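Down below is the structure, laid out as structure tokens.
Bear in mind these aren't lab numbers, they're just calculated from the coordinates by the rules spelled out. Here the structure is a predicted model, which is why all the values come from computation and not from measurement. Cβ placement follows ideal geometry from the backbone for every residue including glycine, while neighbour counts extend to all protein chains displayed.
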Amino acid sequence: MLASDLLPRQPVRLTRATRLAGTVAIAAISAVGFAAFLYPFIMARAPQGSETQAHAGDAPLIFGLLAALAGVLFVIELASQGMNAKVASVLAVLATAAAALRIIPLPAGASAFFFLVILGGYVFGPRFGMLLGALALFVSAFASGGFGPWVPFQMFAAAWMGMSAGWLGITRNALIGRPRMEIALLATFGGTWGFVYGALMNLWFWPYIATGENISWAPGLGFVETLRHYWAFYVLTSLGWDTWAALGNVVLIAVAGRSVLRVLSRFHDRFMVEWK
């Protein structure tokens, strides 16, 4: 009896250990992302260059670290049974579909790319969502030939979008039988990320450009003054475009969210294995 009681516990202990390793991998990915976005702000003088030259020297290193850590997270998920072969196939299909949707132009800078990343992360969880966002952005850049120093930063932003959508998915059980409330919550989330994504993607190059006394960054500004300058820059250059992106997310989720959620939930229930 004692031996038989102990045998089934070993895989559970292994799973918990590998799941903890997955959490560490997510933390490491986010730490690299935060450092990549923020380290120019600790320099003694403003970096010189244009938007296209920003991070040109360190972008390959940032991309390499992100790719390596995302690969580690993927392997850990497979090892811990947090993701099986069927779920990995769903990840590949959603990433390809999201990448294709990103290539299709929508009015005023809106994109259907965010739609699938948000819903995929919401249904399958934060780890899946992080991998989906990063992979979909990479596939999109590869397919369109749009590689540049901005790509790893776009991958980080999309990964955080998918991960946070997975955190939002904690509410799924509480919203069973309340489809309108669920869609309203997701539409609000998507609208918010329309602005957050744009703000992040301005942040990666902002320290490198000098565009005006009250909207550029300079060493020694202080935290509050830096925020004020960045807000002025963001409103002037991107708020209008991001408003359309946010509206695009809201409309797509409101119109097609219920149908896509139903399909993704069916795959989740058939393919996912819950480990206690």
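Relative to the longest principal axis of the C-alpha atoms of the chain, give the angle of the C-alpha long axis of helix 9-38, reported between 0 and 90° and rounded to the nearest 10°. Once rounded, the angle reads 10 degrees.
Report the relative contact order of the chain, percent, no decimals, based on alpha-carbon pairs under 8 angstrom and at least 6 residues apart. It rounds to 25 percent for the chain. Its alpha carbons give segment 2-271 an Rg and a Dmax of 20.0, 74 Å.
Taking R0 as 41 Å, what FRET efficiency do you get between A143 and D269 from their Cβ-Cβ distance, rounded to the nearest 0.05?
So, using R0 = 41 Å, E works out to roughly 0.85.
Seen against the Cα atoms of the chain and their longest principal axis, helix 151-168 is set at about 50 degrees. For the pair W244 and R258, label points projected 7 Å from Cα toward Cβ lie 2.9 nm apart.
Extension gain, T96 to N173, is 24.9 nm, computed as 0.36 nm per intervening residue step minus the present C-alpha separation. Axis angle, to the nearest 10 degrees, between helix 85-103 and the longest C-alpha principal axis of the chain: 30 degrees.
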